[in-house]
Every structure is written in C-alpha cells, then in structure tokens.
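Student: Dropping the structure in here first, questions after.
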C-alpha cells in the first residue's frame, strides 16, 4: 500500500472514530445507570466526577478498539505516524463537531478530553501486546528431514 493511501486511510479512521464517538455517547449516556448508582451510594463532588471520568475512559477505550485494529492493519512500519495522525484528526474533528470549549472549561472536562484522546493510542498499543507472547513458537509443522 502506498504511503499516500495509508495516510488518507488514517485520516479516514480518525474521522470514523469521531463519528462513532459522537453517535454512541448519547445512547450510552441515556442508558448508563452508573451515575445514579454512584450518587445513591453516597459519592458526590470530586469522587463522583473522578469515578465517572474513569468509566468514560474505559468506554472510550472500548470504542477505540475497531479504529485501533484498522490502524494496525495499515502496517507496523509507520504505525506511530498513522496513530498520531488519526488521533490528531479525531481531536480536531471532535472539537469542531461537538463545539467543546475545552480550554475554557473546568479541570475534569479537560481531563476527560485528554483521556478520550489517549484512548486510541492506548487501544492500538494494547492490540499490539496480544501477539507478543508467541514469538518463539513455530507457525506450522516442522519440515520433514530428507532421506539420505
């Protein structure tokens, strides 16, 4: 695959991830019972926001897995570049599409936004760990020795 095609595909992956996040989060927010459970358990203030930020990061990590898989399919030779480009595209498109005033908001919104940006590189790294344990195992049957 040419570098230009792979670069364009990584931009498309970033935009696709942004669309997935924008369409999935309203449904997740509508049916998520965790905020009410945390409030009923007595959490409030900073502890409540902190628990929700961690839960949001876990959800964003799960949402990033398809995009991370696609980035890994582009090849290992320029994976860091493609991941950075997809993350930058995602950050720009999401900030424009959502109208999120990130830097004028409170600390937890900025932390959530930064953790959302970290989800794609972390998911790409986690998918790379999956195949590292079997490096020294043979990929198939051993060749038969030749008869003398």
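Student: When the residues of segment 109-139 are filtered to those that are farther than 19 Å from residue 69 by Cα, loosely packed, with under 15 Cβ neighbours inside 10 Å and at pLDDT 60 or above, which remaining residue is nearest to the chain's Cα centre (by Cα)?
Tutor: 114
Student: Do we find that residue 97 is farther than 21 Å from residue 46 by Cβ and at pLDDT 90 or above in this structure? Reasoning before the result, please.
Tutor: Values: farther than 21 Å from residue 46 by Cβ: yes; at pLDDT 90 or above: no.
So residue 97 does not fit the description; no.
Student: In addition: Working only within segment 20-52, note down all residues that are surrounded by 14 or more Cβ atoms within 10 Å (Cβ to Cβ) and within 18 Å of residue 95 (Cβ to Cβ).
Tutor: Within segment 20-52, 20, 21, 24, 25 qualify.
Student: Examine segment 42-60 for a residue that is in contact with a helix residue (DSSP H, G or I) (Cβ under 6 Å, 6 or more places away or on another chain), closer than 21 Å to residue 121 by Cβ and outside any helix (DSSP H, G or I), and state whether such a residue exists.
Tutor: no
Student: Looking at segment 65-90 only, could you name the residues that are free of Cβ contacts under 8 Å to residues at least 60 places away in the same chain and buried (at least 20 other Cβ atoms within 10 Å of the Cβ)?
Tutor: Across segment 65-90, the qualifying residues are 67, 68.
The values are calculated or read from the model by the stated rules, or taken from the named source; none is laboratory data. None of these values were measured; they are calculated from a predicted model. All Cβ positions, glycine included, derive from the backbone under ideal geometry; neighbour counts span all protein chains shown.
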